[in-house]
Amino acid sequence: MHAMVIDEWGGPETLHEAEVEAPPVSPDFVLIRNHAAGVNPVDTKIREGKLAGAFPSGFPLILGWDAAGTVETVGPAVTMFRPGDEVFAYCRRHHLQYGTYGEYTAVPDAFVARKPESLSWEEAAALPLAGLTAHQCLETLGVRGGEKVFITGGGGGVGHLAVQMAVARGARVFATASPANHDWLRELGAEPLDYHDEDICARVREEGGADAAIDLFGGEGRKQAFACLRSGGRLVSIATPPPEPSDVAETHYVFVRPSGFDLHEIAELVEDGRLKPHVEEAFPLERAADAHERIEGGHTRGKLVLSVS
């Protein structure tokens, strides 16, 4: 099959086209013919070798953890899917080699869900990793209607989905972003905050502080999130495990997990009109290196994806 691969750790220039064997299909696996693949910051970290100590790997290595496509074949133990089904999946396997930057990917059937009919292939491919991250953060926090939620990086891939999901739960959402994204965040239902402001949390504290906060970056953003919380508030981070709980906040760490069940719940939000992934640009598969350069430059609104076929 045709794929974009790397043969060594390094920069975007290590990505190149190659013909490789299609991934094997285990008894409980689904083989997906990819039509689009999401591009995520973690892809660049894998490419650089920063996750080599956390996951076994092999070269040539196909990057990518997000896929939207058509079921090509299924293993003999699979009962929920059949060839021809339109699906999407978060394809993080325990071995780094068979990613989604190629014509086919194979993953356990428990990772897969049916694609929302209202989404294009590119929009569906933008949703799995970022959508599951947002969903699992909100589930961990137990966000309920009427609560105030603070989100760092509301204009980014995870952030803009977390904003919509929190609004769908009935929460009042405050989200940081550059001024260029403020009108867009208002359209999504959030109250935008300029992350350049010296006292970014003043408005949140005037309202009694946030009940819950999502920290997407660590560092200064995490400090802002803690500063916005009311006493006894809850914080979840996807950057690194936060400090131990204190009398100020209940803290959690989420490392997103594949889940077809969660993707099904996310798809229902899409079909109900309460969630819409934003694709800033779709690159041809062969321009994967350009997509990596763009995402490493920061300031992407929503998501970047690759059109595979």
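The values are calculated or read from the model by the stated rules, or taken from the named source; none is laboratory data. All values derive from a computational prediction rather than experimental measurement. Backbone-built Cβ (ideal geometry, glycine too); neighbour counts: all protein chains shown. What goes into the accessible areas is simple: the full protein's heavy atoms, side chains included, and nothing from ligands, DNA or RNA. Shrake-Rupley method; radii C 1.70, N 1.55, O 1.52, S 1.80 Å.
What number of residues within segment 1-44 are part of a helix (DSSP H, G or I) and either closer than 30 Å to Arg114 by Cβ or over 21 Å from the mean Cα position of the chain (by Cα) (or both)?
Here the count works out to 6.
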Legend entry - Of residues in segment 59-104 being among the β-branched types (Val, Ile, Thr) and part of a loop (DSSP other than H, G, I, E, B), the one nearest to Thr133 (Cα to Cα): Thr100
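Condition check ((1) open to solvent by 80 Å² or more (accessible area, probe 1.4 Å); (2) within 23 Å of the chain's Cα centre (by Cα); (3) under 22 Å from His278 (Cβ atoms)) across all residues:
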{"residue": "His182", "(1), (2), (3)": "no, yes, yes"}
{"residue": "Leu185", "(1), (2), (3)": "no, yes, yes"}
{"residue": "Leu193", "(1), (2), (3)": "no, yes, yes"}
{"residue": "Asp199", "(1), (2), (3)": "yes, no, no"}
{"residue": "Ala210", "(1), (2), (3)": "no, no, no"}
{"residue": "Leu216", "(1), (2), (3)": "no, yes, yes"}
{"residue": "Gly221", "(1), (2), (3)": "no, yes, yes"}
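Check Leu235, Leu129, Leu185 and return the single one that is modelled with pLDDT of 95 or more, over 30 Å from Val112 (Cβ atoms), of a type in the set (A, V, I, L, M) and in contact with a Gly (Cβ under 7 Å, 6 or more places away or on another chain).
Going through Leu235, Leu129, Leu185 in turn, just one is modelled with pLDDT of 95 or more, over 30 Å from Val112 (Cβ atoms), of a type in the set (A, V, I, L, M) and in contact with a Gly (Cβ under 7 Å, 6 or more places away or on another chain): Leu185.
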Legend entry - Residue satisfying all of: in segment 121-154; open to solvent by less than 10 Å² (accessible area, probe 1.4 Å) and in contact with a Ser or Thr (Cβ under 7 Å, 6 or more places away or on another chain); nearest to Ala213 (Cα to Cα) among these: Thr152
Inset, instruction - Find all pairs meeting these conditions: Cβ atoms under 9 angstrom apart; at least six residues apart or on different chains; first residue within segment 155-176 and more than 18 Å from Gly298 (Cβ to Cβ) and open to solvent by 10 Å² or more (accessible area, probe 1.4 Å); second residue outside any loop (DSSP other than H, G, I, E, B) and not hydrophobic (A, V, I, L, M, F, W, C). - result: Ala171/Lys148; Ala171/Asp211; Arg172/Lys148; Arg172/Glu191
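Please return the ranges of helices (runs of 4 or more DSSP H) entirely within segment 213-309 where 1 or more residues are at positive phi.
Counting at least 1 such residues, we get 219-228.
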Legend entry - Residue check, Pro56 closer than 17 Å to Leu306 by Cα and of a type outside the set (A, V, I, L, M, F, W, C): no
Legend entry - Residue that is surrounded by the fewest Cβ atoms within 10 Å (Cβ to Cβ), among those in segment 10-24 that are in contact (Cβ under 8 Å) with a residue 24 or more places away in the chain and touching a strand residue (DSSP E or B) at 6+ places or on another chain (Cβ under 9 Å): Pro24
